[in-house]
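These notes concern the structure reproduced below.
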Amino acid sequence: MTVRVQEADFDVGVVLTALRAGDARVGALASFLGLVRDLNDGASVSEMTLEHYPGMTEKALEAIVAEAKERWDIYDALVIHRVGPLKPCDQIVLVAVTSAHRGEAFVACEFIMDYLKTKAPFWKREATPAGAHWVDARDSDDSAAARWQNQG
């Protein structure tokens, strides 16, 4: 299980190939790639800055991945989350999960992403024509995470 919080961009193909390399048990690899949008809540976004607490953030992500591993039969998982200033079209986050079968990989990947959005200590500030502002959590993210309370 790998968790990385970094400013540098990453190559999705290289990372996914490395995740499954040499493991003949892997029959499925599910992934999610999050990108910076140029529009949020009707406002043009020229830049997004992500902040975090080093050490604390990685531990929170590791706990989320460990919970996914307890709930589903997965072989490996990877979370890469970028921090710092990002522009529209930049990659923000990659979540990838390997397992023997697609169902376990899909559901674990979705769980990790849902929990990451609500339980990981990241703070997002967007620069718009009206000025910079901190972005509040979305109710839809909380609803997505809440559905896992009695599942798994």
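The values are calculated or read from the model by the stated rules, or taken from the named source; none is laboratory data. Remember, predicted model here, so these are calculated numbers, not experimental data. All Cβ positions, glycine included, derive from the backbone under ideal geometry; neighbour counts span all protein chains shown. Side chains included, ligands, DNA and RNA excluded: accessible areas come from the protein's heavy atoms. Shrake-Rupley method; radii C 1.70, N 1.55, O 1.52, S 1.80 Å.
Just a few scattered comments:
Conditions (1) outside any loop (DSSP other than H, G, I, E, B); (2) over 14 Å from the mean Cα position of the chain (by Cα); (3) surrounded by 16 or more Cβ atoms within 10 Å (Cβ to Cβ), marked per residue:
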position: His81; (1), (2), (3): yes, no, yes
position: Pro85; (1), (2), (3): yes, yes, no
position: Ile92; (1), (2), (3): yes, no, yes
position: Ala105; (1), (2), (3): yes, yes, yes
position: Glu110; (1), (2), (3): yes, no, yes
position: Asp114; (1), (2), (3): yes, no, yes
position: Ser140; (1), (2), (3): yes, yes, no
position: Trp148; (1), (2), (3): no, yes, yes
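- The residue pairs whose first member lies in segment 87-102 and is touching a residue at least 60 places away in the same chain (Cβ under 8 Å), whose second member is aromatic (Phe, Trp, Tyr), and whose beta carbons are closer than 7 Å, counting only pairs six or more residues apart or on different chains, are Gln91/Phe10; Leu94/Phe10; Val95/Phe32; Thr98/Tyr75; Ser99/Tyr75.
- Test result for Pro129, in contact (Cβ under 8 Å) with a residue 12 or more places away in the chain, under 14 Å from the mean Cα position of the chain (by Cα) and more than 17 Å from Arg71 (Cβ to Cβ): no
- The residues of segment 9-41 that are closer than 22 Å to Ile74 by Cα and free of Cβ contacts under 8 Å to residues at least 40 places away in the same chain, listed by number, are Gly13, Val14, Thr17, Ala18, Ala21, Gly22, Ala24.
- Tyr75 at pLDDT 95 or above and hydroxyl-bearing (Ser, Thr, Tyr): yes
- Neighbours by Cβ (under 7 Å, 6+ apart or cross-chain): first from segment 59-73, farther than 17 Å from Ala105 by Cβ; second part of a helix (DSSP H, G or I) and open to solvent by 30 Å² or more (accessible area, probe 1.4 Å): Ala60/Lys119
- Segment 61-79, subset outside any helix (DSSP H, G or I) and over 16 Å from the mean Cα position of the chain (by Cα), residue surrounded by the most Cβ atoms within 10 Å (Cβ to Cβ): Ile74
- Restricting attention to segment 28-60, the residues that are out of contact with any strand residue (DSSP E or B) (no Cβ under 7 Å at 6 or more places or on another chain), open to solvent by 50 Å² or more (accessible area, probe 1.4 Å) and in a loop (DSSP other than H, G, I, E, B) add up to 5.
- Condition broken by Ala132, with the remaining ones in (1) surrounded by 12 or more Cβ atoms within 10 Å (Cβ to Cβ); (2) closer than 25 Å to Val12 by Cα; (3) modelled with pLDDT under 95 satisfied: (2)
- Subset of segment 3-23 [assigned to a loop (DSSP other than H, G, I, E, B) and charged (D, E, K, R)]: Glu7, Asp9, Asp11, Asp23
- Yes/no for Ser99 being of a type in the set (S, T, N, Q), open to solvent by 40 Å² or more (accessible area, probe 1.4 Å) and more than 24 Å from Pro54 (Cα to Cα): no
- Failed item, numbered, when Gln6 is tested on (1) open to solvent by 30 Å² or more (accessible area, probe 1.4 Å); (2) closer than 20 Å to Val135 by Cβ; (3) in contact (Cβ under 8 Å) with a residue 40 or more places away in the chain: (2)
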